[in-house]
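Student: Structure below; questions to follow.
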Amino acid sequence: MKKGLFPTNKFINLTTPFYYYDTVLLKATLESLKQETNKHNIEAHYAVKANANDRILNIIAKEGFGADCVSGNEIKAALNAGFPASKIVFAGVGKDDWEINYALENNIFCFNCESIPEIEIINELAHKQQKIASIALRINPNVKVDTHHYITTGVAENKFGINLSDLEKVIDVVKKQANIKLIGLHFHIGSQILEMNNFKSLCTRINEIQQWMLDQKIVIKNINVGGGLGINYQQPNENPIPNFKDYINVITQHLTLQPHQQLHIEPGRSIVAQCGSLIAKVLYIKEGTHTKFAILNAGMTELIRPALYQAYHLIENITSEEEMEKYDIVGPICESSDVFAKGMEINRAKRGDLVALRSAGAYGEVMASRYNLRPYPTVYLTEDFQ
């Protein structure tokens with residue numbers, strides 16, 4: 001099996017666990033996405049929640065992308081990294097007053113709004129600052145997608161967005177708000193979506209909503225289809241850059257935009273996931289009744305996705321070329337859910353070997369915790385070894 005390329009000889013003396021980001025791959029991924037968005041005049045806002053490392057944010061900002069933020073602190077991080085306020089959108093079902101005020105003070109591009117109470121509060125706070133807040137309505141399109149139920153966001157039972165049945169009432173409320181300007185519609189149906197027909201279904205629903213808007217003589221300048229494009233967790237070495245071309249083509253071919261409208265997308269995982277790996281050390285090989293355990297010094301505190309979503313991450317022993325053996329690969333945390341993989345084949349492991357948990361650049365470092373009073377993992381970029 002082809003392995004990932006790592007400066008392994010430079011890892012040997014480093015304290016593990018740590019995150020390693022391949023910035024060569026990151027920049028190639030950004031360039032691929034930029035080529036496709038430029039072809040169709042699409043504004044891309046990087047979803048900061050995927051990875052908020054300040055050095056990663058700085059690289060993405062320098063490539064000219066906007067930022068999709070879901071908290072006040074993400075807005076701060078985006079501004080500090082160099083994202084222009086004019087390209088920052090603020091989403092989230094529960095925006096606190098201080099977060100709204102901070103966004104207003106910094107004149108961000110748009111609030112993606114999810115309820116009538118939120119719209120009314122934004123109007124009230126904008127009035128106090130003597131400003132007009134630009135908003136997009138986040139519509140729940142009730143489109144089912146092929147992904148884990150924890151990361152689907154666009155069906156009726158989800159907490160996100162405005163239900164279609166409430167749209168007319170919401171529009172009426174917006175019209176009464178003196179400090180609100182409706183500039184867009186926003187959608188997001190889920191994450192780690194690989195079936196392009198899901199995006200086709202979204203576009204069909206957006207076209208229906210757009211037609212209703214036209215019939216009501218409501219002018220909408222911006223259409224934001226959100227993010228959600230998945231990556232290949234099983235074969236990161238063979239497919240390091242997602243197929244942005246097919247993704248963009250599905251949207252542009254099936255979405256009917258008006259001549260005056262700007263299209264926006266919000267990729268996150270698809271930009272950063274493949275460039276990141278969690279590097280850990282084998283502490284012990286334990287013989288179980290029915291299996292061998294490879295016990296690592298990284299656990300769910302460093303990478304929670306397997307425990308939370310039963311997510312798959314390819315694991316490679318990067319210091320061994322011995323024959324392949326099956327292991328249950330686990331962490332040191334005092335929880336039975338602290339398991340990275342069961343029955344995974346890696347090169348025969350021994351105490352002290354380094355392993356790479358691949359495709360961990362999204363929802364890895366950013367979701368790390370200090371449970372069991374463990375320290376946060378250190379972070380290294382390609383540039384640190386040059």
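The values are calculated or read from the model by the stated rules, or taken from the named source; none is laboratory data. Worth saying up front: this structure is predicted, and the values here are computed from it rather than measured. Here Cβ is always computed from backbone atoms with ideal geometry, including for glycine, and neighbour counts include all displayed protein chains.
Student: Just checking, how many residues over region 367-385 are touching a residue at least 40 places away in the same chain (Cβ under 8 Å) and surrounded by fewer than 16 Cβ atoms within 10 Å (Cβ to Cβ)? So that I can check it myself, show each step before the final result.
Tutor: From region 367-385, those touching a residue at least 40 places away in the same chain (Cβ under 8 Å) are 367-372, 374, 377-383, 385; that's our starting set.
Among the residues that remain, those that are also surrounded by fewer than 16 Cβ atoms within 10 Å (Cβ to Cβ) are: 369-372, 378, 383, 385.
Qualifying residue count for the region: 7.
Student: So, one more: Do any residues in region 97-113 that are of a type in the set (A, V, I, L, M) have Cβ atoms under 9 Å from those of residues that are in a loop (DSSP other than H, G, I, E, B), where the two are at least six apart or on different chains, and which pairs are they?
Tutor: From region 97-113, the pairs are ALA103/LYS95; LEU104/GLN129; LEU104/LYS131.
Student: Can you find even one residue in region 131-140 that is under 22 Å from ILE220 (Cβ atoms), out of contact with any helix residue (DSSP H, G or I) (no Cβ under 6 Å at 6 or more places or on another chain), charged (D, E, K, R) and in a strand (DSSP E or B)?
Tutor: yes
Student: Can you tell me which residue is nearest to LEU381 (Cα to Cα) among those in region 47-81 that are assigned to a strand (DSSP E or B) and either touching a Gly at 6+ places or on another chain (Cβ under 9 Å) or of a type in the set (D, E, K, R) (or both)?
Tutor: ALA47
Student: Please state which of the following conditions GLY361 fails to meet, knowing it meets all the rest: (1) closer than 27 Å to GLY228 by Cβ; (2) touching a Phe, Trp or Tyr at 6+ places or on another chain (Cβ under 7 Å); (3) not in a loop (DSSP other than H, G, I, E, B).
Tutor: (3)
Student: I'm trying to understand the selection: among the residues of region 289-327, which are assigned to a loop (DSSP other than H, G, I, E, B), over 24 Å from the mean Cα position of the chain (by Cα) and in contact (Cβ under 8 Å) with a residue 24 or more places away in the chain?
Tutor: Of all residues in region 289-327, those assigned to a loop (DSSP other than H, G, I, E, B) come to 289-291, 297-304, 310-314, 318-323.
Filter once more, so that each one left must be over 24 Å from the mean Cα position of the chain (by Cα): 289-291, 297, 318-323.
THR291, ASN297, ILE318, THR319, SER320, GLU321, GLU322, GLU323, listed by residue number.
Student: Could you pull out the residue among ASN179, ASN249 that is without any contact (Cβ under 8 Å) to a residue 24 or more places away in the chain and not aliphatic (A, V, I, L, M)? Outline the logic, then answer.
Tutor: Numbers: ASN179 fails: without any contact (Cβ under 8 Å) to a residue 24 or more places away in the chain.
Just one listed residue meets the conditions, ASN249.
Student: Pick from THR23, THR16, THR37: which is modelled with pLDDT of 95 or more and within 19 Å of GLU266 (Cβ to Cβ)?
Tutor: The conditions single out THR37.
Student: Next question, about the same structure. State the number of residues belonging to region 100-133 that are touching a Cys at 6+ places or on another chain (Cβ under 9 Å) and either outside the structural domain of LEU79 (by TED's automatic domain parsing) or more than 21 Å from LYS169 (Cβ to Cβ) (or both).
Tutor: 2
Student: Quick one: which strands (runs of 3 or more DSSP E) lie wholly within region 174-288 and hold at least 1 residues that are in contact with a strand residue (DSSP E or B) (Cβ under 6 Å, 6 or more places away or on another chain) and closer than 30 Å to ASP328 by Cα?
Tutor: Here the list reads 276-287.
Yes or no, residue by residue, for (1) assigned by TED's automatic domain parsing to the domain that holds LYS49; (2) under 18 Å from LYS200 (Cβ atoms); (3) not aromatic (Phe, Trp, Tyr):
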position	(1), (2), (3)
TYR233	yes, no, no
ILE265	yes, yes, yes
GLU287	no, no, yes
LYS292	no, no, yes
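Student: For residues that are of a type in the set (Gly, Ala, Ser), in contact with a Ser or Thr (Cβ under 9 Å, 6 or more places away or on another chain) and buried (at least 18 other Cβ atoms within 10 Å of the Cβ), scanning just region 331-350, find the one that is farthest from VAL282 (Cα to Cα). First the steps, then the outcome.
Tutor: Of all residues in region 331-350, those of a type in the set (Gly, Ala, Ser) come to 331, 336-337, 341, 343, 349.
Imposing the further condition that a residue be in contact with a Ser or Thr (Cβ under 9 Å, 6 or more places away or on another chain) reduces the set to 331, 343, 349.
Pick out the ones that are also buried (at least 18 other Cβ atoms within 10 Å of the Cβ) and you get 331, 349.
On the way: GLY331: 9, ALA349: 8 Å.
In this case the residue turns out to be GLY331.
Student: Return yes when ILE132 is at pLDDT 95 or above, of a type in the set (A, V, I, L, M, F, W, C) and more than 17 Å from GLY94 (Cα to Cα) and no when it is not. Give the steps one after another, and end with the answer.
Tutor: Working: at pLDDT 95 or above: yes; of a type in the set (A, V, I, L, M, F, W, C): yes; more than 17 Å from GLY94 (Cα to Cα): yes.
In short, yes.
Student: Specify the residue that is surrounded by the fewest Cβ atoms within 10 Å (Cβ to Cβ); the eligible residues are those in region 215-240 that are β-branched (Val, Ile, Thr) and within 20 Å of GLY190 (Cα to Cα).
Tutor: VAL225
Student: Which of the numbered conditions does LEU5 fail, given that it passes all the others? Conditions: (1) outside any helix (DSSP H, G or I); (2) under 20 Å from SER270 (Cα atoms); (3) under 19 Å from the mean Cα position of the chain (by Cα).
Tutor: Exception for LEU5: condition (3).
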